[in-house]
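Presented below is the structure to which this report refers.
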Ligand code: FAD
């Protein structure tokens, strides 16, 4: 009871574990608290893990980490009713050095946390932090659901994920609005290794990711289909505000996607092994709360650090955790854990790719929340499919006539010439 640490980390996801690893390696006495039976026990993501930010912590980690496939090809599908316009990029340069891998959190988080433990972090698992302990406005520790479960520390790193009860209790953010989060559901579907390799045109450890736009009942959402060793990860994430508006359940969207001919033949014969759901932060920079105060810092999903356009989250989480850890180490050296000193973390985030990337896409949230979902995620992908069909169909109609009809249709969907221009401008601004 009332045990004292230099630092307490709440949550052993990528953000919390990166913070705990950094601080333990820097010689701090760190507690890593996780509610799951073990780190990753209940965590899910798409999911793609990126090399760069993890390598900053653990050089050549991929030689021992439990990863699924090295991604050599990333595809983008714009679905029509029973068709698709497809893009993609395959490059053998993505193998050495690897760019990213597919992974399963159950294995990965556990492995990553074991690295923090080896560095000296003290694991406290199967333990829920119920509140922050505060004295004179400073955070001085945490209360857990264990008997005599108060733990004290100079600094608490809040990395409790998207729901962030602790962030809410601090008052740095409120309950996220339905347009600041999407709800994702995912299935893990088992198929023989050889079948996966044949269907996706890969060999050995190579893998493919497919991001899917369209066929989402006119809601702002994305689908994904990723290759693991002997399973596929198939899921959809849809903005909660749109799900409410349309009164559609996310699993209905997933079921519809599974029936689409492009997807159906890739998953055919597969056996569903897992079904899970999770929220994804979608607010971006506009929703990012203050990142530090007296005795605390907040990282990863709890601080809305997700770049939804590029489906990056784990890497932002890892870097924010590392930066919080480094800040705690210098605060420890100074013996000062005030908001002025911990504010260095905010500066470090602002100087990193996290802030730069979220800034670049800060307009996307507004675009999605502006009631254009039907147009952007349904009518436009369908119109593109119709246009592609017409242009490729050889039926004696002159191409010029076809092109005029296709452009006319796109224009109509976008709301006339001005509508098309406005949409293009809005899209450009949102992405820049
Ligand atoms: P989390 O991973 O959520 O970890 C938080 C941890 O805190 C959990 O272990 C939880 O159990 C624990 N916890 C929470 N509250 C408490 C408490 N009170 N006491 C103790 N422990 C607590 N990112 C990518 O990089 N690539 C992808 O392909 C990708 N795809 C995704 C697909 C889906 C469907 C989803 C849902 C997310 C996806 N993301 C992806 C985003 C990524 O998963 C997150 O950005 C990332 O996991 C954030 O890490 P985190 O450590 O901040 O939070």
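A few notes on this one:
- If the condition is being closer than 13 Å to residue 376 by Cβ and within 27 Å of the chain's Cα centre (by Cα), then the range 397-430 contributes 423, 424, 426, 427, 430.
- Pairs are defined by a Cβ separation below 8 Å, a sequence spacing of at least 6 or placement on different chains, a first member in the range 183-208 that is without any contact (Cβ under 8 Å) to a residue 60 or more places away in the chain and closer than 19 Å to residue 236 by Cβ, and a second member that is within 16 Å of the ligand (Cβ to nearest atom) and in a helix (DSSP H, G or I); no pair meets this definition.
- For the range 284-302, filtering for residues that are farther than 20 Å from residue 365 by Cα, more than 13 Å from the ligand (Cβ to nearest atom) and in contact (Cβ under 8 Å) with a residue 60 or more places away in the chain leaves 4.
- Of the strands (runs of 3 or more DSSP E) that lie entirely inside the range 1-62, those containing 1 or more residues that are farther than 27 Å from residue 221 by Cβ span 3-10, 30-33.
- Near pairs, Cβ below 6 angstrom, 6+ apart or cross-chain, from the range 23-50 (over 23 Å from residue 315 (Cβ atoms)) to any residue that is more than 10 Å from the ligand (Cβ to nearest atom) and part of a loop (DSSP other than H, G, I, E, B): none
- Filtering the range 223-232 for residues that are part of a loop (DSSP other than H, G, I, E, B), surrounded by 21 or more Cβ atoms within 10 Å (Cβ to Cβ) and in contact (Cβ under 8 Å) with a residue 40 or more places away in the chain leaves a non-empty set.
- Residue within the range 42-55 that is modelled with pLDDT of 95 or more, buried (at least 18 other Cβ atoms within 10 Å of the Cβ) and more than 29 Å from residue 155 (Cα to Cα) present: yes
- Taking first residues from the range 100-122 that are within 18 Å of residue 50 (Cβ to Cβ) and more than 11 Å from the ligand (Cβ to nearest atom) and partners that are at pLDDT 95 or above and not in a strand (DSSP E or B), the Cβ contacts under 6 Å between residues at least 6 apart in sequence or on separate chains come to 107/66; 111/65; 111/66; 115/21.
- Residues of the range 303-339 that are within 15 Å of residue 22 (Cα to Cα), within 16 Å of the ligand (Cβ to nearest atom) and out of contact with any strand residue (DSSP E or B) (no Cβ under 7 Å at 6 or more places or on another chain): 317, 318, 319, 320, 321, 322, 323, 325.
- Given (1) within 12 Å of the ligand (Cβ to nearest atom); (2) in contact with a helix residue (DSSP H, G or I) (Cβ under 6 Å, 6 or more places away or on another chain), number of the condition residue 37 does not satisfy: (2)
The values are calculated or read from the model by the stated rules, or taken from the named source; none is laboratory data. In this text the structure is predicted, and so the values were computed from the model without any measurement. Backbone-built Cβ (ideal geometry, glycine too); neighbour counts: all protein chains shown.
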